[in-house]
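For reference, the structure is listed below as structure tokens.
The values are calculated or read from the model by the stated rules, or taken from the named source; none is laboratory data. Because the structure is a prediction, the values reported are computed rather than measured. Please note: Cβ atoms are built from the backbone with ideal geometry, for glycine as well, and neighbour counts cover all protein chains shown. Accessible surface is based on the protein model in full, side chains and every heavy atom, while ligands, DNA and RNA are left aside. Shrake-Rupley method; radii C 1.70, N 1.55, O 1.52, S 1.80 Å.
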Amino acid sequence: EVASITYYNEESGFCVFDFEAGGELTCVVGEFADISEGEGLVLHGSFVHHPTYGMQFKAVACEHSMPSSASAILKYLSSGAIRGVGPVLARRMVERFGSETLNIIESEPGKLTEVRGITPAKAEKIAEEFQRIYGIRSVMLYLSQFSIEPGAAIKIWKRWGMGAPEIIGENPYVLCCEEIGLPFQEADRIAMQLELDAESPQRLTAGVEHVLRENLLAGHTCLPRERLAGVAAQLL
């Protein structure tokens, strides 16, 4: 369980937090799309020794599980995990619904109006924010099957949001764009996993663009058509 968050960078997703497992606290560092105190995680990675901060667990992937006990839910909601819900409102919600609080938010948000301070409009906003959080996690779960690094996955979420799985499923080579910066070979590996046609226009276009991009980075301003075609053909 996430005990307390020391640092979180919204741009990069880099996070430092204390993690409670087996009754012991461990300092964890890594890149996460979103994280909140009180939620349960299964972390994958290894222990490293930092010269200043000592032993840390460097996470390279994680699996989220929503808090289930009333106390963990209270901690989760009080941490500001859901925008619009602070410590006071969180306590009222948990006092009213107990361990069913998150299920109510997800499935029956109309019942939230039974809590003092929650109007129908506010209940709707809370439910929307909760669905957004789950949306992030569903996208991250989809991307994890391709072994995409957390930092790149965060960029993908920010670029395409909930539409990312559909966009990548149709054309994984969009990941080679400047904003995401995935190498052509990595996008090609994902395309193979998706069993896309090796002679598809998307792949051929991405291959040509990759050759042009490599030459641009080498300092060239143009490339003869015949040479471009030859190198791209060899790559593809």
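Could you check how many percent of all C-alpha pairs in the range 1-58 are farther apart than 15 Å?
Cα-Cα pairs of the range 1-58 separated by over 15 Å account for 45 percent.
Taking a 1.4 Å probe, which of Thr221, Thr52, Thr26 shows the most accessible area, and what order do the others take after it?
Sorted descending by solvent-accessible area, the residues read Thr221, Thr52, Thr26.
For Ala121 and Ser69, calculate 0.36 nm times their separation in residues minus their Cα-Cα distance, and state this gained length in nm to one decimal.
Difference between extended and current length: 16.0 nm.
Can you list the residues, at least 5 places off or on another chain, whose amide H is less than 5 Å from the amide H of Ala61, using H built in the peptide plane?
Placed amide hydrogens put His44 under 5 Å from Ala61.
Compare Tyr7, Tyr53 by solvent-accessible area with a 1.4 Å probe and give them largest first, with all protein chains kept in place.
Reading off the accessible areas and sorting them downward yields Tyr53, Tyr7.
For the range 93-227, what are the per-bin percents of Cα-Cα distances with bins 10 Å wide, up to the bin holding the maximum?
Percent of Cα pairs in each bin: 11, 30, 21, 17, 11, 7, 2, 0.
Computing the accessible area with a 1.4 Å probe over protein heavy atoms, can you report the carbon and sulfur percentage for the chain?
Taking all protein chains in place, the chain shows 53 percent carbon and sulfur surface.
With every protein chain kept in the model, how would you rank Arg91, Arg132, Arg83, Arg203 by accessible area, 1.4 Å probe, largest at the top?
The ranking, largest first, comes out as Arg83, Arg91, Arg132, Arg203.
Calculate, for the range 129-236, the solvent-accessible area per residue in square angstrom, rolling a 1.4 angstrom probe over the heavy atoms of the protein chains.
59 Å²
Provide the solvent-accessible area of Met66, counting protein heavy atoms only and rolling a 1.4 Å probe, rounded to the nearest 10 Å².
Counting only protein heavy atoms, the figure is 40 Å².
Rounded to the nearest whole Å³, what is the per residue volume of the convex hull around the Cα atoms of the chain?
Each residue corresponds to 161 Å³ of Cα convex hull volume.
For the range 42-56, in order, what is each residue's ³J(HN,Hα) by Karplus, 6.51 cos²θ - 1.76 cosθ + 1.60 with θ = phi - 60°, in whole Hz (x at glycine and Pro)?
Result, rounded to whole Hz: 10, 9, 10, x, 8, 7, 10, 10, 8, x, 9, 9, x, 6, 9.
With a Förster radius of 22 Å, plug the Cβ-Cβ distance of Thr52 and Glu149 into 1/(1 + (r/R0)^6) and report the FRET value to the nearest 0.05.
Between Thr52 and Glu149 the formula returns 0.35.
Compute the accessible area per residue over the range 1-87, keeping the other protein chains in place, probe 1.4 Å, unit Å².
Ligands and nucleic acids excluded, the result is 52 Å² per residue.
Tell me the accessible surface of Phe184 in square angstrom (1.4 angstrom probe, heavy atoms of protein chains only), to the nearest ten.
Spelled out: Phe184, probe radius 1.4 Å, area about 0 Å².
Quote the FRET efficiency, to the nearest 0.05, computed for Arg227 versus Arg159 with a Förster distance R0 of 25 Å and r equal to the Cβ-Cβ distance.
The computed FRET efficiency comes out at 0.20.
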